[in-house]
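Data first, discussion second: the structure below is written as structure tokens.
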Amino acid sequence: MSFIKEHELYLKNLLDKLGYEESNVSIFPCSKKELGDFQLNICMNIAKKYHQNPMEIAKLIVANLNNHFINVNIANPGFINFSFNKEILIEYLNKSLENFHNLVDKHEEKTIFLDYGGANAAKALHVGHMRSPNIGEAMRRLANLLGYKTISDVHLGDLGRQAGMLISEIKVREPNLVFFDDAYEGSYPKVKYTPKDLGEMYVAANIKANEDSSRMNEVREITAEIDKGNKRYIALWSQLVEISSISIKETYQKLNCHFDLWEGELDSFKDIPKMLEVLKPFLYESEGALVMDIKNDTDTKEMPPLIVIKKDGATIYATRDLATIYSRINRFNPDEIWYFTDNRQSLYFEQVFRAAYKSGLVPKTCKLQHFGFGTINGTDGKPYKTRDGGVMELASLIDLIKEEITPKLKENIENKEEVASKLTIATLKFADLMSFRNTDYIFDPVKFSSFEGKTGPYILYTAVRLKSLLNKGNLNSHSKISNLDNEDVLNISLKILELSNILERAFNEKSLNYLTDFLFDLASLFNKFYNNYHILSEKDETLRNSNLAIVKLVYNVIHELLNVLAIEEVEKM
Ligand code: ARG
């Protein structure tokens, strides 16, 4: 159990013994450092509840505290300020040095299903598309760290207008392919396109379809045919999805994403009839379409019925998401399903979730949750664009950052290319996770790739420094922390005590900014110590070893948190 949790529990029990029942006792960092490292604010609440004087309650508590609490003092109207006994603190830090998990509070067993990534087949990934994989992957890793089981699915957007676009373009270019022969019954040949070809063909088809309405009609027709199960089109489209998956996979690999399942909307088709069976008692016809009421009496906003099947019999995004829910519940029975997309899909998911609960598609015990995120803007405050005003592809942004990073690297690095790539991804990810999930943010490539300030490279640089100290200092595995007298070292230690709360907060709010802030604070505190004090030339061997053990602990924490953020370290930079 984490140090703070353990002491909160101790205080809760103490209050119990003193006759005060409190379900939650929280220890906070002290707002006035000269009064102590921590404070307890609970006396004011207890006083209200029990109609007593808060100062008297504080005195009673203080009189009963054990020797873990030192420099205890009471401030009006009933704050208890204190620090922790350093011996106890040292013991805890040493245990955490042996086992990092000692710093983390584990949770009840639960299976969480995460739906993120969500790239659309045959379409290039734009800058905004990195948020879902970045946030989703980090949340998956954080959930694992806290002890939850997870299953992740990329949920490809592999059905929609882009299918019709591409197939119509191929039909123009290669009309003799068997996929366009109505009478063809044989097996299907492999088509020879690259992911790049698909991107080009999509752009070309898009331009033509927007200029020519008969071409647009054909696009719609082909899309509808796939939806209805046209075997030839599906055979062609499946190949195209596979080709485009190559480059999608590459990109997600660069972002260090791991997907347990590589499924998509097309995979949900086989579950649509079973899903409809469950929804049946709630479905009714409206203007030819099959819809379901999802309004609540308490709704203050408009909640139109959800269309489940369109009037031409076609499925829509919601149909496929409902069928996917059916499949996930039946195959994995998760306790929670999390969706990560941008904020614009919030209402959509609310509708789908309501339909799922109301119809019994999902048991009430399973929590469906959508976690939206804001837009990535340029310095002009508008969605991030290329210099000439076009949509910025993610690949181009990666190139651009790499150009910023490369000249800053030291001359004598062997695998410069690899280091530059890792720093590029670190820049991208740290910047993307640094603002609160729900808000829009401005992406500034120059600022975010700087080696100083709150950036990915700064944290990686600190990790390199820590590793180099550990190498040079020859820390042996028995070295223990034995001294917290140095103020910088004490501040580092107190920061590390906050870790469990920080993880909790990030987990509850599904926002990684708490982790990036913590990493920056910890790195800054460490660098302050490093600049104020020469660790390696300390003559007193016990003190030198103690400080090296602190270096190791800081490194372990940074290492684990970078891993949660899916940011890889480098050895030199
Ligand atoms: N492909 C979708 C899009 O680009 C995201 C998929 C999100 N997941 C889901 N189950 N709907 O908007």
- line: Taking Cα atoms only, helix 394-405 is inclined relative to the longest principal axis of the chain by an angle, in degrees rounded to 10, of 40
- prompt: Hey, what angle do you get for helix 416-434 against the long axis of the chain, alpha-carbon based, 0 to 90 degrees rounded to 10?
  reply: 80
statement: Output ordering of 519-525, 94-100, 457-463, 386-392 (per-residue mean of other Cβ within 10 Å, highest first) is 457-463, 519-525, 94-100, 386-392
task: Please give the per residue accessible area of the chain, computed with a probe of 1.4 Å over protein heavy atoms only, in Å².
output: 47
Cα-based reach from residue 358 at 28 Å (exclusive), listing lysines while leaving out same-chain residues under 8 positions away: 110, 149, 228, 270, 274, 280, 295, 301, 310, 311, 367, 510
field: Rg/Rh for the chain, where both radii come from Cα atoms and Rh is the Kirkwood radius
entry: 1.05
query: Of all the accessible heavy-atom surface of the chain, with the other protein chains kept in place and a 1.4 Å probe, what percent is carbon and sulfur?
result: 49
- request: Indicate, rounded to the nearest 5 percent, the antiparallel portion of the DSSP beta bridges found entirely in the chain.
  value: 50
task: Enumerate the lysines that residue 190 could reach by cross-link, defined here as Cα to Cα under 19 Å, with residues fewer than 8 away along the same chain left out.
output: 171, 231
- request: Could you sort 304-314, 545-555 so that the peptide with the highest average Cβ count within 10 Å comes first and the rest follow in order?
  value: 545-555, 304-314
- prompt: In segment 392-440, what trypsin sites (Lys or Arg not before Pro) fall in a loop by DSSP, with at most 15 other Cβ atoms inside 10 Å?
  reply: 410
Helix 487-497 axis, angle to the chain major axis (alpha carbon atoms, nearest 10°): 50
- prompt: Amide H neighbours of residue 342 under 5 Å, counting only residues 5+ apart in sequence or on other chains, H built in-plane at 1.01 Å?
  reply: 373
message: I'd like to compare 221-229, 508-516: which one has the highest average count of other Cβ atoms within 10 Å, and what's the full order after that?
response: 508-516, 221-229
message: Set the bar at 19 Å for Cα to Cα. Now go through 402/429; 32/95; 95/495; 5/528 and name every pair that lies beyond it.
response: 32/95; 5/528
message: Heavy atoms only, 1.4 Å probe, whole protein assembly: order 140, 505 by accessible area, highest first.
response: 505, 140
statement: Only helices counted: for the chain, with every DSSP H run of 4 or more residues adding -39500 (n - 2.57) and the sum spread over all residues, [θ] at 222 nm is -16500 deg cm²/dmol
message: Amide H of residue 309 versus every other amide H placed in the peptide plane: which residues, excluding those fewer than 5 positions away on the same chain, fall under 5 Å?
response: 290
statement: For residue 539, counting only lysines whose alpha-carbon sits under 18 Å away and dropping same-chain residues fewer than eight positions off, the answer is 472, 480
message: Distance between the C-alpha centers of segment 3-23 and segment 137-188? Whole Å please.
response: 55
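The values are calculated or read from the model by the stated rules, or taken from the named source; none is laboratory data. Bear in mind that the values here come from a model prediction, so they are computed numbers and not experimental data. Note: ideal-geometry Cβ built from the backbone for every residue, glycine included; neighbour counts use all protein chains shown. Just the protein is used for accessible areas: all its heavy atoms, side chains included, with ligands, DNA and RNA removed. Shrake-Rupley method; radii C 1.70, N 1.55, O 1.52, S 1.80 Å.
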